[in-house]
Structure formats: structure tokens, C-alpha cells
Amino acid sequence: MSQFLQVLLSGLATGSIYALVAVGFTLVWQAAQTVNFAQGEFVMVPAFFVLVGTHVVGLPLWLALALALVVSVVLIGALFKKLVVEPILPSGGISLIIATMALGILLKESAKEFYGAEAQPFPAMFPTDPINIFGAVVSMQDILNLIISLGVVVLLTLFLNRTRTGRSMQAAAQNPAVAEILGVNVKRMVMYTFLINAALAALASFLITPVYLAKFSNGETLGLIAFIAAIVGGFNQIRGALVGGLLIGVLDNITATYITAEYRAALPLVLLIIVILVRPQGIMGTSEGRTV
């Protein structure tokens, strides 16, 4: 029983970080009706900003993290929206999807060129000492990652549902024309969405990179798993992204521990196929009507 609890908590910790990235997919979809296939690279890049701050500039870790967060929000939030999304969005969703793919490749190859192809150790934000929870030995880092990730998603949900700005953001996402008539600054609300997405990506980067090291290719796997988590949970629901991320994290750990670790990479794809066949809108998703 203690081993199962240990596997469960570890899976929830990893899955909560997947959920942060999956929420970003959902936010961008609601704001621009497109899929950001550079989302994985958006998580990879902030870690290298921190390494530059600590290794090159010589900043203390806390200051490097703060500056990396600011730089990430500006570059992969504001500039992404201004320079990539706004000019291409009127041309149609396919053009923007291709543009995000190209941006992902650019970011990945840039990180490889300027920081090397070898994985770099990343300083842990929290102690890695093990703690005992009902007989299960779990890393303090895992527990804090889980608490912070779930706390951020809950706060984001409360912000969107309980504040005037959050409700305006939802109105702008659901029907921009009507929201504009009602006095909502749609462009500003969409910008807020992209800034929040960038902040979530940076936070996910700070939490997961100490475990997986900083490497230019990290975005490929993380982006794919988070994308699948968003679809499995329900692409148009933040709570769906949370459920999908946690589910994949837990099932991945259970499969690797009790069945085999050889096919754990295929688990998200198998889960995706099952959910699409049984419930195409996702576990927590709702059907959306589209005019054709």
C-alpha cells in the first residue's frame, strides 16, 4: 500500500506540471482558436534564461528566476502575440498552426546552438530530502511541485470566474463581437491570456527542469504529453486540462512500476485514442457547435 501511495503522489506531482502546460494550450485555444505547437518550447526556453542568469551573469538563483519569468512573459507572451499571432490570425487557423510549428523549431535549434546539445543540470528550487507520508517515502520537491501547480490552477480558475477582468477574458474568448459591443477591450483581454500562458509555461519550466535537466529537446516530449492531456481532459475547459494532466501523470507511473517501463511513452497515445473513441469532447469537455 505504501508503494502505491508513493507511486500515486509522484505521478500526481508530475501530472500537475503537465496540467500547467495543458492549461496554456486551452487558454491559447480559447483566445485565438488555434493550437500553439510551440508550447513545449515555451516551457523549455525559460530554464535556459535562468542558466544564463546564474552561470553567465552570476545572479543569485531567486533573482535569475524572477528575471527569467519577466523575460519569458515579454518574449513568449507579448511578442508572440504581437509578432506572430496578430499578423497571421486573419489568414486562418492553419497558417497560424504552421507558424507555431516553425517557431517551436526555431526556439529549439536556437537553444541547441547557443547553449549546446548536452543536458545541463538545473538548480532545484526546493529541498530534495525525502519525507514519509503514511509509510510512503516521497521527495519534498514532488510534494511542493504538486501543491504549487494545483494552487496556481485553482487561483487561475478563481480569477477567471470571480473577477471582472477574468469574466471579460472569457467573454472575449467566447464571442469577441458581442464582448466588444458590451465595452470589453477584446485586444487587451486576449493579450492578458497570452501573458498568463507565458507565465504558466515559465513556472512549469522552473518546476520540472530540476528533474529532467535543461535540454533543447525537452519541449518535444513535454509539449506532446501536455497537448494530449488537454485533449483527453477537454480542450475547451481549464479543469479538463487539469484532469488530463493528473490522469496521464498517475497512469504513467503506475504503468512503469507495475507493468513495464518499455511502453510508457505509448501510454498517452493509447489513452488519447480511447478517449477520442468513447468521448470525443474529452472527459470534462463540452461539445462545441461550429457553423460550416
### Candidates Glu118, Glu180, Glu113, filtered to the one that is among the charged types (D, E, K, R) and in a loop (DSSP other than H, G, I, E, B)
Glu118
### Query
If you check Ile131 against the conditions, is it farther than 18 Å from Asn36 by Cβ, out of contact with any Cys (no Cβ under 8 Å at 6 or more places or on another chain) and part of a strand (DSSP E or B)?
yes
### Message
From the list Thr221, Thr209, exactly one residue is assigned to a helix (DSSP H, G or I) and surrounded by fewer than 22 Cβ atoms within 10 Å (Cβ to Cβ). Which is it?
### Response
Thr221
## Note on the structure
Checking Leu144, Leu155, Leu182 in turn, the sole residue that is more than 19 Å from Trp29 (Cα to Cα) and at pLDDT below 90 turns out to be Leu182
### Within segment 275-292, considering residues that are more than 19 Å from the chain's Cα centre (by Cα) and within 30 Å of Gly151 (Cβ to Cβ), the one modelled with the lowest pLDDT
Glu288
### Message
Please go through segment 79-112 and give me each residue that is under 22 Å from Leu51 (Cα atoms), touching a residue at least 24 places away in the same chain (Cβ under 8 Å) and surrounded by fewer than 20 Cβ atoms within 10 Å (Cβ to Cβ), ordered by number.
### Response
Leu103, Glu109, Lys112
### Message
Taking the condition of being loosely packed, with under 13 Cβ neighbours inside 10 Å and small (Gly, Ala, Ser), how many residues in segment 124-143 meet it?
### Response
1
### Summary
Note on segment 144-158: residues surrounded by 15 or more Cβ atoms within 10 Å (Cβ to Cβ) and hydrophobic (A, V, I, L, M, F, W, C) are Leu144, Leu146, Ile148, Leu150, Val152, Val153, Leu156
### Query
So which of Ala204, Ala136 is more than 21 Å from Ala22 (Cβ to Cβ) and either in contact with a Leu (Cβ under 6 Å, 6 or more places away or on another chain) or of a type in the set (Asp, Glu) (or both)?
Ala136
### Task
Return the pairs, sorted by first residue and then second, in which the second residue is assigned to a helix (DSSP H, G or I) and of a type in the set (Lys, Arg), the first residue lies in segment 253-274 and is modelled with pLDDT of 85 or more, the beta carbons are less than 8 Å apart, and the residues are 6+ apart or on different chains.
Thr255/Arg264; Ala256/Arg264
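The values are calculated or read from the model by the stated rules, or taken from the named source; none is laboratory data. What you see is a predicted model; the values in this text were computed from it and never measured. For neighbour counting, all protein chains shown are included, and Cβ atoms are generated from backbone atoms with ideal geometry for every residue, glycine included.
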